[in-house]
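Here the structure is laid out as structure tokens; the discussion comes afterwards.
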Amino acid sequence: MELLKNRLVRLNQPTQPNHIQTKFMLQTNSICLIDHLQEELCTDNDNGVEDGGQSGDSKSDQVAEESDSSEDEVAPRNTVGDVPLEWYRDEKHIGYDITGKKITKKDRQDKLVSFLESADDSKNWRKIYDEYNDEEIELTKEETKLICRLAQGKAPHADFDPYAPYVDWFEWEDAKHPLSNAPEPKRRFIPSKWEAKKVVKYVRAIRKGLIKFDKPKEEPRFYLLWGDESSSVEKTGHLSYIPAPKSKLPGHEESYNPSPEYIPTQEEINSYQLMDEEDRPNFIPQRYASLRSIPAYENAVKDSFERCLDLYLCPRVRKKRININPESLKPKLPSRKDLRPYPMTCYLEYRGHKGAVVSISTEASGQWIASGSTDGTVRIWEVETGRCLKMWEVGEAVQYVAWNPLSELPILAVSAGQDVFLMNSGLGNEEVQRKIKDLMRVEKSFAPDDSGNVASDLSWLQDDEHGGIRLRHFRTVTSVEWHRKGDYFSTVMPADILVPHKIPIALFSILIHRLSDKLTQKLPFKLHGLPVVSTFHPTRSIFFASTKKNVRVYDLLKKKMIKKLETGLREISSVAVHPGGDNMIVGSKEGKLCWFDMDLSSKPYRVLKCHPKDITSVAFHRSYPLFASSSDDGTAYIFHGMVYSDLNQNPLIVPLEILRGHTSANGRGVTDCKFHPRQPWLFTAGADSLIKLYCH
Amino acid sequence: MARVTKHKHYRPPGKKKEGNAARYMTRSQAVKQLQVNLPLFRRLCILKGIFPREPKKKVKGNNHTYYHVKDIAFLQHEPLLEKYREISSYQKKIKKALAKKDEDLANRLRTREPTAKLDNLVRERYPKFVDALRDLDDCLSMISLFAALPAEQRLKINVELVHKCRRLIHEWQAYVARTHKLRKVFVSVKGIYYQAEVEGQKITWLTPHAIQQILPDDVNYSVMLTFLQFYETLLGFVNYRLYHFINVKYPPILDPRLEALASELYAATRYIDANSRALVQHNDSISSISDLDKAQQGGTHHQESELRLAQLQHQLPSNEPGALMHLIEDNNGENEDDQDTKECKKLFKDMKFFLSREVPRESLLFVIFAFGGAVSWDGDGAPFKEVDQSITHQIVDRPTQGHKYLSREYIQPQWIYDCVNARIILPTDCYIVGRIPPPHLSPFVDNEAEGYVPDYAETIKRWQAAARNEVLPMPSLGKEDLDDPQNLLVEGYINRAEAIEAAERKRKMESLEKQYHEELKMELQGVNNPSLASKKTKTTSPENEEAKEESIPDIQQIADDAEKMTKVLMSRKKLGLYEAIEKNKQRKKTHVNKLKERKKLHETQKSA
């Protein structure tokens, strides 16, 4: 203590500084020291060491006496140190005292009680809870004042004067010598060389015009840019400019107050959420009761930005928008009135079959029709009255019926299962009957020919039950077609791919039978693919055999293929040849109808997509320019199909009528359609066990 | 021997590129060729108006942007490119000076920064004034948007820019208002759409509502600012030219007092007014004095007319056969236009409006000025006060009006807009303060083409007709007869049904016509009760409908069949086109049906 005091005195004593700077340094040092001393002194005082002689000596000592720095207070009873107090939050103690014992926490007071207490206590405002020591401290008056002063930004001590008069410790009176003895240098008296250089540089720059001082003159920014329009028409030699399309003009729904019908209902708005992001409308109309209630549009800047992006990032292409009247796209067809007669309305129904009628056939005279059904019966009807003339029970579901095309030979060919029956219809006069009976007799001593052309395992048998001939095939026969002369007929057995057969399938799928000789032969040429249907040429000795995709045309005399018609269809279901023989229609299971002009090309002249479901049958009229198609969708189409004798003129095809009336059963609608041989009438057989006659 | 692998686009060495490969280049190729960075390339493209092209065959792949080689060459020869290089090197100088702590030099450099002038570009992109007008839509929309945006230093939208935009758009609006070129106004949720017709060009622009706008973060403002830079130049020149042709000095010197009160529009219009009037007088005096120079003037006049003719001929494609016809038509068009302008000028003639505080002042001022009305508003600088007895209409947008003058009508602002669109003075009953006004309909929609006419459009049409003192035949009915394809098709087939229908239609038409005339009469007498009228129609209709229903299914079937059969014969291409058209029609129809359904629903709700 003594030592410190001596030091202070020594410092306080004015020395003889000969330099101003050292003096300043000393001064600052001394102030620091004084501060420190003050604290030292006051701790001394508190420790009870009376040092009365010193206390009154200097001002600093007086200040020291009133000091209340933290060190003069009692040491904190908690000794945990500077640790986060939350470590002890869940403990029962707040720390340890100096002896290492736990200091337990005080009981928490009831909030209500503490509130009441605080309300009662007038000194409550100066109480502070010390978390560290877990005790409440009441601030003294001096302490509160000190806090106030600190809060005001003043020095904590009331007595401290920040603006105390400056005491110059340095004594100037006795100074005999100057602070520095060095002589004044020359550079203090001559102008700077470098400055001169710099000035010259600037002067030169100004002279050269590199540095300009006057502000650039303001020109009027806008002027008459498009003054003389006439001179501006010269071509820029640049690509053609495509102006950006203007943005869409707003409709009624964008109004701030649209009609109520433009505002979607809540359900609709909810349904927008389920929509795809792209389909979702980006603007939902809303209604505001008055102009003042319209809020700012939140996408204003974004919309504008998107427009900008469109303008400079989107490739622009000039697209021609043609305003087409859709009616003009439709082909111009001749009036249907001029194309009469054609079947239009249902005139008669032939009822009697129990199951779906699968096949019908018209007799050459046009007086009778035969029908075969899945209920295993074949019936003959009188066309004009609808009377059922005759009925045979075949026993199996009938696949196909076909009249002999000769009117003097009323024989009916019926295919049912693996059998083909040739039945005597019993029509015609006695002479006819006799002739038929002659024809229908099969000699038992029938010796099969050994030549390769004849199918050996096929037998012509006398069928007494139905009064005719029975031809037993080795597979199911789907169609029977007569040659125009009524002597030959062909049967088609579509190959069952799943069942492997000993005999080459393709070779024996189509057989040609001759009635007069009771002879069967296979086709004299090779068939490519599996046949579906076959038919004879109406006038010449040409045979058509159709596979699933293509139709092949064979010459029966020369025994070779003439032509292959490429249909481009997926699966052919039926074919029909125009009575002229040069045109042909092909129906497919995808509902398409192809018209082939065989002179023109092997590709279809026209493909008509008319039915949504399978086409079951197509037919040409023998004398009228009509053809028809029937489909499983329960409709039949009637077309006008005019073939001109002039080869340069293409056939004219006009759809005339859609015939409805059949109801579909088991997914099958109209199963067969046949024209009347003389009248423009159409017979249709339906899966609803009805046969209908449509007349003009 | 090295095997030559054939690429997809293999080109033997020495052979030049041809086709699309030679004609188009990708964006990165273009950037490389121009030796610029991507932002600068973008800026150049925007300013120069160059856009990507769609080559038929994309040589480099689908996910590239293609530019035409000529476009890029066009950019390469642009003096602006050099200018931008200069600017960037100058910026480097400033940066360097700052880095060397040479504030002085930096400041001195900053005083003479080079700036890019876009005058040539405007001229180049729009060789004729009409071209500029045609492309003005986006320009005006953008500038009016920026005039409403808050200045944000962070996004480089500074205060001067916003003020410049405000000024430009007000100058434009002042021109439109003073020359009465405004045609249509539509208040939408997005803002207010205006359509003006200047020199035969329909210019539509959108101004946002005068409310604090939101600046979203997912927007590239530098792109927008580049656009704005060009648009601002363009609009300046357009305004100059427009002002020049009505003999007003540009840029206008505005009354600083009004400008301070943020009613620049009014100031600008006043300026135009004053100036043009003075100039006209001036011209008059000159002409009266210089009688002596008449002969010479005649000469110049002759020259001028020749020049004009040459201009007109230039505007027309010369090889067209009916060039002269076009010329005459053009003249006619101008005359009509004039009539239109006259009509617009007279709409609010002799009417005095007063705007309350809460109505959108700028928009209404613009519209009322443009249609020849006199306006004042609540605030400083207003030409007349609220107490003025000659005010005919006060525009108010508050729930209730406290003190009311009996001499004037208190209406909502929508009345003004609806009147403008209908071009007649509508009855004010529905627009009275406190009432929900009738629907505000878009004037840009062709109701007939859309297939659905809102009720209020119908009433407005009738009012228009009544204002013209003519009795319209019922156009909708007559058209329906002709247009209905079903009827047409059926006609060929079933005569009986047709006869029945025709008779029925005739009857119906007669009754409707009668009723319509009655209604019209009532309307003219001032009885406005549409509900009563509609009730009447309902009472008459049901018998007719019953009669109709009997014959419908058969006819429907026949029509369908006919449709199907024609389709059978169509080629695939035509069928596709036909079906697309039909689909479009169907979509339109469903939309209309939905509207009708909603309307019905609304009506039932109302009555319940």
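The values are calculated or read from the model by the stated rules, or taken from the named source; none is laboratory data. What you see is a predicted model; the values in this text were computed from it and never measured. Neighbour counts run over all protein chains shown; Cβ positions are idealised from the backbone, glycine included. To get the accessible areas, we keep the full protein, side chains included, count just its heavy atoms, and leave off ligands, DNA and RNA. Shrake-Rupley method; radii C 1.70, N 1.55, O 1.52, S 1.80 Å.
By its C-alpha gyration tensor, with a ≥ b ≥ c as the square roots of the eigenvalues, how is the stretch A:116-255 shaped: rounded for a/c under 1.5, else prolate for a/b larger than b/c, else oblate?
Here the stretch A:116-255 falls in the oblate category.
Within a 10 angstrom radius of each residue's Cβ in A:656-663, how many Cβ atoms of other chains show up on average? Whole number is fine.
Across A:656-663, the average partner-chain Cβ count within 10 Å equals 2.
If you filter the stretch B:340-409 for trypsin sites (Lys or Arg not before Pro), then keep DSSP loop positions with at most 16 other Cβ within 10 Å, what is left?
Hits after loop and neighbour filter: B:Lys349, B:Arg357, B:Lys385, B:Lys404.
At R0 = 30 Å, how high is the FRET efficiency between B:Ala608 and A:Ile284 if r is their beta carbon distance? Nearest 0.05 is fine.
Approximately 0.75, to the nearest 0.05.
Counting other C-beta atoms within 10 Å, and keeping those with at most 16, which DSSP coil trypsin sites (Lys or Arg not before Pro) do you find in the stretch A:295-363?
When the trypsin sites (Lys or Arg not before Pro) of the stretch A:295-363 are filtered for loop state and at most 16 Cβ neighbours within 10 Å, A:Arg316, A:Arg318, A:Lys319, A:Lys320, A:Arg321, A:Lys332, A:Lys337, A:Arg351, A:Lys354 remain.
Treat each spin label as a single point 7 Å out from the Cα along the C-beta direction, and report the A:Glu91 to B:Asp455 distance in nm.
Calculated label separation equals 8.1 nm.
When the accessible area of each residue in the stretch A:300-321 is compared between its chain alone and the complete protein assembly (1.4 Å probe; ligands, DNA and RNA ignored), which residues differ by at least 30 Å², being lower in the assembly?
Residues losing area: A:Ala300, A:Val301, A:Lys302, A:Ser304, A:Phe305, A:Cys308, A:Leu311, A:Tyr312, A:Leu313, A:Pro315, A:Arg316.
Could you pull out the pairs from A:Lys609/B:Lys564; A:Lys437/A:Lys674; A:Lys330/B:Lys588 whose alpha carbons sit more than 19 Å apart here?
Beyond 19 Å: A:Lys437/A:Lys674; A:Lys330/B:Lys588.
If the limit is 26 Å between Cα atoms, which of B:Lys404/B:Lys599; B:Lys17/B:Lys58; B:Lys92/B:Lys117 go over it?
Beyond 26 Å between Cα atoms: B:Lys404/B:Lys599.
Looking at the square roots a ≥ b ≥ c of the eigenvalues of the Cα gyration tensor of the stretch B:152-248, which shape do they give, rounded for a/c under 1.5, prolate if a/b is larger than b/c, or oblate?
oblate
Leaving out ligands, DNA and RNA, calculate the buried accessible area for the pair A and B with a 1.4 Å probe, summed over both sides, in Å² to the nearest 100.
9400 Å²
Need one word for the stretch B:1-132: rounded, prolate or oblate. Basis is the Cα gyration tensor (sqrt eigenvalues a ≥ b ≥ c); a/c below 1.5 gives rounded, then a/b vs b/c decides.
oblate
Would you please name the GluC sites (Glu not before Pro) within the stretch B:408-465 that are DSSP coil residues with at most 14 other C-beta atoms within 10 Å of their C-beta?
none
Work out the FRET efficiency for B:Ser407 and A:Glu306 from their Cβ-Cβ distance, taking R0 = 56 Å, and round it to the nearest 0.05.
So the FRET efficiency works out to roughly 0.70.
Peptide A:603-610: average number of partner chain Cβ atoms within 10 Å per residue?
Mean inter-chain Cβ contacts per residue within 10 Å come to 3.
What nm distance separates the two modelled labels at B:Ser222 and A:Ala196, each placed 7 Å from Cα along Cα→Cβ?
5.1 nm
For the stretch B:27-80, with every protein chain kept in place, what is the accessible area per residue (1.4 Å probe, Å²)?
I get 53 Å² per residue for the stretch B:27-80.
For a protection proxy built on the mean count of beta-carbon atoms within 10 angstrom, sort B:68-76, A:371-379 highest first, please.
Averaged packing, sorted descending, gives the order A:371-379, B:68-76.
Which order do the peptides A:617-629, A:253-265, A:428-440 come out in when sorted by mean C-beta neighbours inside 10 angstrom, highest first?
Averaged packing, sorted descending, gives the order A:617-629, A:253-265, A:428-440.
Within 10 Å of each Cβ in B:182-192, how many Cβ atoms from other chains are there, averaged over the peptide?
Going residue by residue through B:182-192 and averaging, the value is 6.
Got a sec? Charge dipole of the stretch A:168-290, +1 on Cβ for Lys and Arg, -1 for Asp and Glu; which of A:Ala289, A:Ser180, A:Pro264 is way out at the positive end?
Result: A:Ser180, furthest along the dipole toward the positive end.
Set the Förster radius R0 to 51 Å, insert the Cβ-Cβ distance between A:Lys212 and B:Gln76 as r into 1/(1 + (r/R0)^6), and round the FRET efficiency to 0.05.
0.95
With N set to the number of residues, divide the alpha-carbon radius of gyration of the stretch A:291-429 by 2.2 N^0.38 Å and report two decimals.
Scaled against compact globular proteins, the figure is 2.36.
Run the reach check for A:Lys145 against lysines, Cα to Cα strictly under 23 Å, same-chain hits fewer than 8 apart removed. What comes back?
A:Lys59, A:Lys123, A:Lys127, A:Lys154
For A:Glu408 and A:Thr539 in the same chain, what is the full-extension length gain: residue separation times 0.36 nm, less their Cα-Cα distance, in nm?
Fully extending the segment from A:Glu408 to A:Thr539 adds 45.3 nm.
With the other protein chains left in place, how much accessible area per residue, in square angstrom, belongs to the stretch A:531-671 at a 1.4 angstrom probe?
With all protein chains present, the stretch A:531-671 gives 40 Å² per residue.
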